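Asker: Structure incoming, see below.
The values are calculated or read from the model by the stated rules, or taken from the named source; none is laboratory data. As the structure is a prediction and not an experimental result, all values here were calculated from the model. Here the Cβ positions follow ideal geometry from the backbone for every residue, glycine too, while neighbour counts run over all protein chains shown.
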């Protein structure tokens, strides 16, 4: 199970269509696709570590160069599950919910 489309839309607005880590402009239509501006809705706290599917735990990360989804969200290996801390997300805007105190 993943994030609802409503949650993803709200996070898109919160981040103003930018990757939360590098600030790259994302293309809304390229959700999880391999083309320019592609992106992924990622759990800041992994599900297996108790992370939820709610707004406060969702962050959008680019999947093309520099591929923040792989290198920030998975520490360079998709089998790794890591917690993403606030200082790792300099382009995150407009939300100070409970998960953002990490």
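Asker: Taking the stretch 10-41 as the region of interest, how many residues are at negative phi and either touching a helix residue (DSSP H, G or I) at 6+ places or on another chain (Cβ under 9 Å) or assigned to a loop (DSSP other than H, G, I, E, B) (or both)?
Answerer: Within the stretch 10-41, the first condition is being at negative phi, and the residues that meet it are 10-15, 18-22, 24-31, 33-36, 38-41.
Restricting the remaining residues to those that are either touching a helix residue (DSSP H, G or I) at 6+ places or on another chain (Cβ under 9 Å) or assigned to a loop (DSSP other than H, G, I, E, B) (or both) gives 10-12, 14, 19-22, 24, 26-28, 31, 33-36, 38-41.
Qualifying residue count for the region: 21.
Asker: Looking at residue 42 and the list (1) surrounded by fewer than 16 Cβ atoms within 10 Å (Cβ to Cβ); (2) in contact with a strand residue (DSSP E or B) (Cβ under 8 Å, 6 or more places away or on another chain), which single condition is not satisfied?
Answerer: Evaluating residue 42 over (1) surrounded by fewer than 16 Cβ atoms within 10 Å (Cβ to Cβ); (2) in contact with a strand residue (DSSP E or B) (Cβ under 8 Å, 6 or more places away or on another chain) leaves (1) as the failure.
Asker: Only one residue in 93, 15, 32, 65 is surrounded by 16 or more Cβ atoms within 10 Å (Cβ to Cβ) and modelled with pLDDT under 95. Which one?
Answerer: 15
Asker: Could I ask something else about it? Out of all the residues in the stretch 54-68, is one or more more than 23 Å from residue 17 (Cβ to Cβ) and in contact with a helix residue (DSSP H, G or I) (Cβ under 9 Å, 6 or more places away or on another chain)?
Answerer: Within the stretch 54-68 (the criterion being more than 23 Å from residue 17 (Cβ to Cβ) and in contact with a helix residue (DSSP H, G or I) (Cβ under 9 Å, 6 or more places away or on another chain)), the answer is no, since none of the residues qualifies.
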